[in-house]
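Please read through the structure below; I'll follow up with questions.
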Amino acid sequence: MLYLLITFIVLLLIVTGQRGLSLLLGLGINIFAIIALLILIADGFNVVVTTAIISVIILVVAIYMNVENSVTANISFKTSLVITALILLITIPILYWSSTQGMGVEDQEELEGFSLSAGVSFPQLAIATIVVNSLGVISETCVAITSGLNEIVMNKPTLDQKTVFADGFSVGNKILATQTNTLLFNFFATTFPLFFLMNSLHYGWQEIVNDKLFGAEVITFVVCTIGVILTVPITAYQVSRIDRKKIIASTKEQ
Amino acid sequence: MKIIKKRWVQICLAIGLVLLATVATYFDSGLYQKPIVSIDRVAQQSKTKGTDQYKNTDYQVVQKIYGHFTNTAKKGDKVTITNSYAQSQLLDERYKPHQQILVSKTSPKVYTIQSTKRDAVLVFSIGLVIILLFCMKFTRGRLLSSVLINLVIFFGFVQALIKLRTGDLVLLTVITAILISVVALIVILGPTKDALMAFLSAFLATSIALLFSVWLLQLSGDSGIHFEMVDFGLQPYFGVFISQVIFSVLGVILDETMDISSSLIEMKQEVADISKKTLFKSGMAIGKELVGPLINILLFIVVAENLNVVMLYLMNGNSIGYTLDMTLSLGVTQLLISSIGIVLTVPITSFIISQMVRKKVS
């Protein structure tokens with residue numbers, strides 16, 4: 001693993017040059033934020049509140065350290081905060097209804113010897129799981145759509161608000177397709193061992209569709225996709241409202 | 001005016017259909033052979049405080065569930081089931097009124113809960129995506145068909161896997177990965193030369209990153225990586241792990257190659273006499289901006305997947321160091337291999353595109 005780490009750092013520095021250092025710093029801060037999240041939850045802090053606070057820190061790092069244009073960064077940050085809040089609002093009732101927290105009967109072998117009444121609220125942890133899962137996808141989507149739209153506005157500063165808003169969807173189409181793919185392929189990565197196991201346990205379709213782990217993966221995929229979809233109108237609305245001069249000025253700064 | 005009206009009709013239709021499908025799956029117990037109980041009300045019987053050997057405080061709660069059967073010959077009959085759960089609900093659950101449960105008879109008149117009926121909530125949440133897509137001006141047809149085609153390919157992959165008993169797992173994964181990336185590229189870029197170039201770049205970058213990483217892992221004798229911690233301890237550990245890496249990095253690398261290649265192709269169209277060297281350099285400059293966010297995407301997905309097991313280790317008196325070593329060493333290895341792939345994609349794509357791109361004759 002050490003060899004892999006060294007290779008990664010060397011390659012990163014060769015390919016991205018000085019930029020690589022700030023990328024590494026950003027990754028390092030995010031990893032620390034996540035470890036802090038784990039420790040705080042284990043110490044008994046409210047899971048949802050802690051996740052919300054840590055998410056804000058992670059989004060600040062993920063957006064402001066990766067984006068140089070200040071207007072793009074500000075809009076992306078605002079949008080990603082709104083989306084994270086919306087994801088929380090959608091996730092809580094869906095998980096309440098689905099009860100897909102914790103682990104499944106399929107995991108039982110792995111859990112031998114553990115004290116299972118650990119005192120952490122796993123229903124709340126399930127909410128945190130979905131929010132953390134979405135953070136990377138959401139921040140990347142916000143940045144991609146904002147910078148795409150800003151470019152359009154810069155090239156044609158005379159466009160009216162309605163056209164800019166509509167252009168958001170043509171920029172959004174491609175991003176939505178690629179992000180859906182990323183989420184879907186990750187769904188494949190986590191579920192194929194599960195399906196294999198279900199087959200050896202002779203599950204029928206009734207057991208599969210009602211299975212806890214399968215349900216949790218489907219809900220994660222679906223909620224993150226909803227987050228990506230909602231990013232498009234919210235970003236487009238903000239870009240269409242903002243003063244055009246600001247966008248042009250911010251690109252000239254660089 | 002007519003167009004606006006048509007859109008509203010579409011949206012209302014989508015909402016109606018989704019609600020109908022949700023309600024229909026909620027009441028589909030006739031399709032099940034197992035008895036299903038709909039919960040009318042629950043009453044808490046007792047709540048005992050317990051402390052485990054690691055000084056974690058948890059409550060063991062016993063609840064009485066009053067419900068009625070919704071299928072089989074007993075349809076309509078009242079039933080009472082006792083359920084005991086830990087308040088942390090790792091493996092067991094607190095049941096709520098209006099939930100439905102699949103039960104089985106353990107002895108005359110005694111039923112135990114097998115599973116919660118979750119099909120309706122899944123249908124509802126998938127429906128929510130469809131409604132949102134209909135509310136906005138996306139090109140829904142292409143998106144939905146690509147997801148469907150990919151699901152069909154994945155279904156075929158799982159079927160083949162079951163038939164071949166994971167013997168050829170990695171080979172199957174590679175074939176599946178090629179198929180789904182071809183579908184993704186054709187859906188987004190269309191069946192063009194651009195798609196072919198993007199495919200070549202993604203394929204090369206992923207293969208080089210994987211082969212190189214596997215070689216590095218063997219060089220270090222796989223030390224410090226707990227491959228046996230792969231999901232459900234499925235054999236062969238290493239094959240399962242590599243297959244998961246391939247699936248999880250694929251989407252991100254496709255995203256990256258498409259971004260770089262489309263910018264370079266556009267550049268070539270605007271400035272016809274641009275040199276290969278300048279194109280390569282621009283590709284590297286564009287790629288630099290993409291690396292960070294893409295690694296972030298995978299970082300959070302990997303962490304989120306392991307959150308439950310990490311917390312369980314931590315609460316069982318393990319130090320943070322031991323916990324991370326046991327639970328995240330696989331995830332971190334996966335992340336490192338993926339990151340190497342993401343970084344390598346930048347020069348590989350820039351090189352391939354700068355060599356292959358031609359100005360289109362219009």
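The values are calculated or read from the model by the stated rules, or taken from the named source; none is laboratory data. These figures come from a predicted structure and were not determined experimentally. Cβ sites come from the backbone with ideal geometry, for glycine too, and all protein chains shown count toward neighbours. Protein only, heavy atoms only, side chains kept; ligands, DNA and RNA dropped before computing areas. Shrake-Rupley method; radii C 1.70, N 1.55, O 1.52, S 1.80 Å.
Filter the range A:190-215 for residues that are of a type in the set (A, V, I, L, M, F, W, C), surrounded by fewer than 24 Cβ atoms within 10 Å (Cβ to Cβ) and within 30 Å of A:I175 (Cα to Cα) and give the result.
Selection gives A:L194, A:F195, A:V209, A:L213, A:F214.
Another question, if that's okay. Quickly run through the range B:319-332 and pick out the residues that are over 18 Å from B:L299 (Cα atoms) and within 10 Å of chain A (Cβ to nearest Cβ).
B:I320
Which one is farthest from the other protein chains (Cβ to nearest Cβ), of the residues in the range A:164-189 that are crowded, with 20+ Cβ neighbours inside 10 Å and among the aliphatic types (A, V, I, L, M)?
Checked the range A:164-189; the qualifying residue farthest from the other protein chains (Cβ to nearest Cβ) is A:V164.
Same structure again: If I go through the range A:28-47 residue by residue, how many of them are within 9 Å of chain B (Cβ to nearest Cβ) and open to solvent by 40 Å² or more (accessible area, probe 1.4 Å)?
3
Next up: Which of the residues spanning the range B:181-211 are over 26 Å from the mean Cα position of the chain (by Cα) and either touching a residue at least 40 places away in the same chain (Cβ under 8 Å) or over 16 Å from B:I253 (Cα atoms) (or both)?
Answer for the range B:181-211, where residues must be over 26 Å from the mean Cα position of the chain (by Cα) and either touching a residue at least 40 places away in the same chain (Cβ under 8 Å) or over 16 Å from B:I253 (Cα atoms) (or both): B:P191, B:T192, B:K193, B:D194, B:M197.
Tell me, yes or no, whether the range A:145-163 has at least one residue that is buried (at least 23 other Cβ atoms within 10 Å of the Cβ) and facing chain B (nearest Cβ under 8 Å).
Checked against the condition, which is being buried (at least 23 other Cβ atoms within 10 Å of the Cβ) and facing chain B (nearest Cβ under 8 Å), the range A:145-163 yields no hits at all.
Can you tell me how many residues within the range B:21-60 are within 11 Å of chain A (Cβ to nearest Cβ), part of a strand (DSSP E or B) and of a type in the set (A, V, I, L, M)?
Total meeting the criteria: 1.
Within the range A:95-111, is there a residue that is buried (at least 20 other Cβ atoms within 10 Å of the Cβ) and of a type in the set (A, V, I, L, M, F, W, C)?
yes
Whether any residue in the range A:71-84 is assigned to a helix (DSSP H, G or I), modelled with pLDDT under 90, more than 30 Å from B:D325 (Cβ to Cβ) and touching a Ser or Thr at 6+ places or on another chain (Cβ under 6 Å) is what I want to check.
There is at least one residue in the range A:71-84 that is assigned to a helix (DSSP H, G or I), modelled with pLDDT under 90, more than 30 Å from B:D325 (Cβ to Cβ) and touching a Ser or Thr at 6+ places or on another chain (Cβ under 6 Å).
Quick test for you: out of A:T50, A:T16, A:T7, pick the one residue that is buried (at least 19 other Cβ atoms within 10 Å of the Cβ), more than 8 Å from chain B (Cβ to nearest Cβ) and in contact with a helix residue (DSSP H, G or I) (Cβ under 8 Å, 6 or more places away or on another chain).
Result: A:T50 is the single residue among A:T50, A:T16, A:T7 that is buried (at least 19 other Cβ atoms within 10 Å of the Cβ), more than 8 Å from chain B (Cβ to nearest Cβ) and in contact with a helix residue (DSSP H, G or I) (Cβ under 8 Å, 6 or more places away or on another chain).
Here's a follow-up. Quick one: which strands (runs of 3 or more DSSP E) sit completely within the range B:62-126 and have at least 1 residues that are within 14 Å of another protein chain (Cβ to nearest Cβ) and aromatic (F, W, Y)?
In the range B:62-126, the matching strands (runs of 3 or more DSSP E) lie at B:78-86.
Oh, and also: Answer yes if at least one residue in the range B:219-231 is at pLDDT 90 or above and facing another protein chain (nearest Cβ under 10 Å), and no otherwise.
No.
Residue-wise test of (1) closer than 25 Å to B:S146 by Cβ; (2) in a helix (DSSP H, G or I).
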residue	(1), (2)
B:L171	yes, yes
B:I175	yes, yes
B:I178	yes, yes
B:P191	yes, no
B:L196	yes, yes
B:L204	yes, yes
B:S207	yes, yes
B:L211	no, yes
B:V214	no, yes
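Here's another thing I want to ask about it. If a residue must be within 10 Å of chain B (Cβ to nearest Cβ) and either over 20 Å from A:G104 (Cβ atoms) or hydrophobic (A, V, I, L, M, F, W, C) (or both), how many such residues does the range A:209-227 contain?
Just the residues of the range A:209-227 that are within 10 Å of chain B (Cβ to nearest Cβ), to begin with: A:209-226.
Remaining after also requiring either over 20 Å from A:G104 (Cβ atoms) or hydrophobic (A, V, I, L, M, F, W, C) (or both): A:209, A:213-214, A:216, A:218-219, A:221-226.
Result for the range A:209-227: 12.
Matching residues to (1) within 26 Å of A:T178 (Cα to Cα); (2) assigned by TED's automatic domain parsing to the domain that holds B:G341; (3) in contact with a Ser or Thr (Cβ under 6 Å, 6 or more places away or on another chain):
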residue	(1), (2), (3)
B:S243	yes, yes, yes
B:F247	yes, yes, no
B:D259	yes, yes, no
B:I265	yes, yes, no
B:E270	yes, yes, no
B:K277	no, yes, no
B:G283	yes, yes, yes
B:L307	yes, yes, yes
B:M315	no, yes, no
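While we're here: Looking at A:G17, A:G104, which is the one that is on the phi > 0 side of the Ramachandran plot and either basic (K, R) or out of contact with any strand residue (DSSP E or B) (no Cβ under 8 Å at 6 or more places or on another chain) (or both)?
The match here is A:G17.
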